[in-house]
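Shown next, in structure tokens, is the structure this report addresses.
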Amino acid sequence: MDNVNIKEKPLLEVQNLKMFFPLIKGLFAKKYADIKAVNGISFSIKKGETFGLVGESGCGKTTTGMCIVRVYKPTTGNIFYQGKDIANLSEEELRPYRRNIQLIFQDPYGSLDPRQTVFSIIKEAITADRRPRTKVEIKERFEELMTTVELDPKMGDRLPHEMSGGQRQRLGIARALVCSPNLIVCDEPVSALDVSIQAQIINLFEQLQEEFSLTYLFIAHDLAVVRHISNNIGVMYLGKLVEVTSANELYSHPLHPYTKALLSAVPIPDYYTEQKRLQIVLEGEVPSHINVPPGCPFHPRCRYATAVCKKIMPELKNVSDNRSVACHNV
Amino acid sequence: MIEIEKKAAESARLLDVKHLRTSFFTNDGEVKAVDDISYYINKQEVIALVGESGCGKSVSQLSVMQLIQEPPGKIIGGEIILNGQNLLEYSPKSKEIRKIRGAKISMIFQEPMTSLNPVYTIGSQLSEVIRVHMRVGKKEAWGRGIKTLESVGISDVDKRMKNFPFELSGGMRQRVMIATSVACHSDLIIADELTTALDVTTQAQVMDLLLSVVKELGTALLVVTHNLGLVTRYAERIYVMYAGKIIESGTTEDILTCPMHPYTIGLLKSIPRLDVEQAKKLDPIAGDPPNLIDLPPRCTFLPRCQYAHEECRLKPFPDLRCVGQSQHCVACHLDLRSIKNG
């Protein structure tokens with residue numbers, strides 16, 4: 001019975017999350033504007049599922065991830081992890097949650113200390129809770145983790161620069177797995193890798209999810225990768241979610257004009273499909289975060305835009321089961 | 001008859017690269033970054049060079065432009081024939097090469113921020129190219145610069161000419177790079193990972209722009225990329241590179257619908273597809289690309305190949321041989337058609 005309850009309740013629920021960065025100028029650091037990196041987004045992730053967050057650079061997807069792991073303290077909004085709001089907890093209160101929510105970075109080279117060996121990188125994470133452990137215990141855990149991510153435990157003496165890109169990303173994953181987390185925020189984990197290696201890492205992510213019943217928040221700009229790995233997907237534009245739905249729905253029937261354009265811009269490596277596809281090329285560029293256009297943030301680039309779109313910001317509303325869109329014309 | 005056809009083919013040739021070899025001599029040994037590759041591009045053609053990082057695709061293009069830093073790099077053999085003239089007869093710093101580089105062949109790099117000079121305005125950099133290669137005065141060059149910028153879809157051109165690179169967005173900078181490359185009406189544009197640093201929607205914008213400009217001016221385009229999807233949409237022919245060698249070549253249709261090299265097959269299988277339901281597991285190529293120092297004289301893909309055969313271990317590196325249609329060539333000992341069919 002207990003199990004059923006846990007399954008129904010989302011593991012992570014984000015409500016109206018906002019993250020503003022102040023812009024200051026002058027001697028007295030007077031604030032004159034806000035960069036509204038994340039401007040009121042809500043979504044939830046069930047245990048064992050993957051939520052994909054896609055959007056172009058600067059749309060706020062990484063900032064959202066950073067708020068959830070509490071690198072940033074959100075301006076307003078709630079982040080419920082297993083029913084407990086962690087958005088406003090202090091550092092000390094956060095400690096028990098830190099081990100449960102882990103982060104994997106985009107650049108495996110930049111996120112590993114170049115002077116630390118593989119073993120000491122993992123050891124640091126193992127001993128971070130300051131519980132007494134024997135050397136043998138640490139060694140065993142290290143070997144176990146290395147085998148989990150399909151690395152040779154004999155690589156313990158290597159430095160990050162002696163490893164290939166794929167191996168480094170595996171090491172990053174091993175480090176995130178050290179304290180058996182429930183939720184992993186993956187921030188562009190495969191975008192720096194070559195195609196053939198990328199597929200290996202994606203498969204590893206799926207395999208680990210099955211094995212440890214992990215929940216992922218998967219942030220990426222590659223729509224094909226996100227579709228492959230996610231159950232539900234949120235499309236972001238200028239700090240707002242414009243469409244949230246299941247992966248297959250999103251790709252078969254995109255509703256928001258931005259989603260449509262985004263999907264059509266991705267070339268598909270299949271000759272006959274590609275010959276037939278229609279491409280929507282968006283005009284113009286993403287507006288700046290400081291001067292967000294009034295009304296729908298997408299209206300200057302949208303070809304269906306009407307007078308309403310220029311004045312009123314569309315709210316994210318449910319259009320059917322498990323599907324919400326922020327557009328006046330849907 | 002065959003003679004006439006051959007001659008016609010030759011007159012359509014713009015660039016013919018034959019057995020090009022470029023190595024870097026490091027403390028650890030000789031890195032054969034480009035090892036005996038041959039390819040050609042006809043006038044007004046759009047072709048693509050595909051491969052993963054470190055396969056030598058960029059080095060091969062830098063060799064064509066003679067921009068390899070020496071030492072440690074050196075072009076050790078081959079011919080680069082542009083319009084019937086072998087470019088390797090001239091030294092990289094000679095006047096002749098300078099006249100060709102930027103005027104006859106121009107190159108667009110991946111990172112526009114590092115290839116544009118941060119302390120000069122867009123206008124001065126753009127008109128410098130025109131001044132040097134077209135031998136016109138400052139005013140004339142500035143005027144032509146404005147026209148070129150307009151042709152790549154930049155609005156408010158007078159103001160943009162006075163902007164510095166950091167004042168522009170990524171897509172805008174890439175447009176400026178396109179403008180500098182088309183300003184002198186060169187015969188060939190080499191676009192090296194042009195859109196890798198851009199978002200998908202901007203990528204579509206920039207690629208469409210480049211294609212339309214190229215079509216209008218009748219320039220040939222060589223796209224260097226790792227993105228097979230991009231190639232599918234835009235290229236007429238494809239060369240696939242692996243570990244410094246071309247391992248498969250053919251028309252886009254041939255390569256994508258009927259790949260013959262195990263690497264190309266693996267590459268296509270390992271890409272997550274937008275139009276396929278997610279249930280299918282990806283089929284990655286096992287292992288990592290080889291280190292280019294001291295490669296054994298065998299097939300370089302052998303350690304990762306799922307079809308590897310005893311004869312692959314014994315024989316030297318397979319030559320490119322044509323299969324089926326005359327255009328489709330593959331460097332593999334095995335005939336995968338027979339394996340695939342049974």
Query raised in the report: Looking at the stretch A:100-119, which of its residues are surrounded by 13 or more Cβ atoms within 10 Å (Cβ to Cβ) and either without any contact (Cβ under 8 Å) to a residue 40 or more places away in the chain or more than 24 Å from A:Gly65 (Cα to Cα) (or both)?
Result: A:Gln116, A:Thr117, A:Val118, A:Phe119
Query raised in the report: Which residues, counting only those in the stretch B:210-225, are surrounded by 22 or more Cβ atoms within 10 Å (Cβ to Cβ) and either under 22 Å from B:Tyr263 (Cα atoms) or within 12 Å of another protein chain (Cβ to nearest Cβ) (or both)?
Result: B:Leu222, B:Val223, B:Val224, B:Thr225
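Output yes when any residue across the stretch B:226-243 is outside any strand (DSSP E or B), away from every other protein chain (no Cβ under 14 Å), within 24 Å of A:Ile280 (Cα to Cα) and touching a strand residue (DSSP E or B) at 6+ places or on another chain (Cβ under 9 Å), and no when none is. Please lay out each step first, then the result.
Our first condition is that a residue be outside any strand (DSSP E or B); within the stretch B:226-243, this holds for B:226-236, B:243.
From the residues that got through so far, the ones that are away from every other protein chain (no Cβ under 14 Å) too are none.
Within the stretch B:226-243, not a single residue is outside any strand (DSSP E or B), away from every other protein chain (no Cβ under 14 Å), within 24 Å of A:Ile280 (Cα to Cα) and touching a strand residue (DSSP E or B) at 6+ places or on another chain (Cβ under 9 Å).
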Report task. Quick one: in the stretch A:223-267, of everything that is under 30 Å from B:Glu236 (Cα atoms) and surrounded by fewer than 19 Cβ atoms within 10 Å (Cβ to Cβ), which residue is farthest from the other protein chains (Cβ to nearest Cβ)? Result -> A:Lys260
Query raised in the report: Before we move on, is B:Ser212 of a type in the set (S, T, N, Q) and assigned to a helix (DSSP H, G or I)?
Result: yes
**Report entry** Of residues in the stretch A:292-319 being without any contact (Cβ under 8 Å) to a residue 12 or more places away in the chain and out of contact with any helix residue (DSSP H, G or I) (no Cβ under 8 Å at 6 or more places or on another chain), the one farthest from B:Ser155 (Cα to Cα)
**Finding:** A:Asn318
Query raised in the report: Regarding B:Lys147, is this residue on the phi < 0 side of the Ramachandran plot, modelled with pLDDT of 90 or more and surrounded by fewer than 15 Cβ atoms within 10 Å (Cβ to Cβ)?
Result: no
Query raised in the report: Do we find a residue being part of a strand (DSSP E or B) and either over 16 Å from A:Gln102 (Cα atoms) or in contact (Cβ under 8 Å) with a residue 24 or more places away in the chain (or both) anywhere in the stretch A:56-74?
Result: no
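Taking into account only those residues within the stretch B:260-297 that are assigned to a helix (DSSP H, G or I) and within 7 Å of another protein chain (Cβ to nearest Cβ), which is farthest from B:Asp319 (Cα to Cα)?
So the residue we want is B:Leu268.
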Query raised in the report: Taking interchain pairs and intrachain pairs at least six residues apart, which have beta carbon atoms under 6 angstrom, with the first residue in the stretch B:101-113 and in contact (Cβ under 8 Å) with a residue 12 or more places away in the chain and the second of a type in the set (Lys, Arg)?
Result: B:Pro112/B:Arg173
**Report entry** Matching residues, the stretch B:245-259, being more than 11 Å from every other protein chain (Cβ to nearest Cβ), over 20 Å from B:Gly54 (Cβ atoms) and surrounded by fewer than 24 Cβ atoms within 10 Å (Cβ to Cβ)
**Finding:** none
Query raised in the report: Does any residue of the stretch A:129-142 turn out to be under 26 Å from A:Arg70 (Cα atoms) and either of a type in the set (Ser, Thr, Tyr) or touching a Pro at 6+ places or on another chain (Cβ under 9 Å) (or both)?
Result: no
Requested in this report: Of the numbered conditions (1) closer than 25 Å to A:Ala192 by Cα; (2) assigned to a helix (DSSP H, G or I), B:Thr196 fails exactly one; give the number of that condition.
Outcome: (2)
Query - Near pairs, Cβ below 9 angstrom, 6+ apart or cross-chain, from the stretch A:171-194 (more than 24 Å from A:Asp129 (Cβ to Cβ)) to any residue that is of a type in the set (Asp, Glu) and assigned to a loop (DSSP other than H, G, I, E, B) - result: A:Glu188/A:Asp107; A:Glu188/A:Asp222; A:Val190/A:Asp222; A:Ser191/A:Asp222; A:Ala192/A:Asp107; A:Asp194/B:Glu52
**Report entry** Pair list, Cβ < 7 Å and 6+ apart or interchain, from the stretch A:271-291 residues that are farther than 27 Å from A:Pro22 by Cβ to residues that are of a type in the set (Asp, Glu) and surrounded by fewer than 14 Cβ atoms within 10 Å (Cβ to Cβ)
**Finding:** none
Query raised in the report: Within the stretch B:154-174, is even one residue in a loop (DSSP other than H, G, I, E, B), of a type in the set (Lys, Arg) and away from every other protein chain (no Cβ under 12 Å)?
Result: yes
Query raised in the report: Can you tell me which residue in the stretch A:172-204 is surrounded by the most Cβ atoms within 10 Å (Cβ to Cβ), limited to those that are more than 14 Å from chain B (Cβ to nearest Cβ), small (Gly, Ala, Ser) and in a helix (DSSP H, G or I)?
Result: A:Gly172
Query raised in the report: Within the stretch B:157-168, is even one residue of a type in the set (Asp, Glu), touching a Lys or Arg at 6+ places or on another chain (Cβ under 9 Å) and over 24 Å from B:Arg101 (Cα atoms)?
Result: yes
Requested in this report: Evaluate the following for A:Lys7: is it modelled with pLDDT of 80 or more and out of contact with any Phe, Trp or Tyr (no Cβ under 9 Å at 6 or more places or on another chain)?
Outcome: no
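The values are calculated or read from the model by the stated rules, or taken from the named source; none is laboratory data. Keep in mind that what you see is a predicted model, and the values were worked out from it rather than measured. Here Cβ is always computed from backbone atoms with ideal geometry, including for glycine, and neighbour counts include all displayed protein chains.
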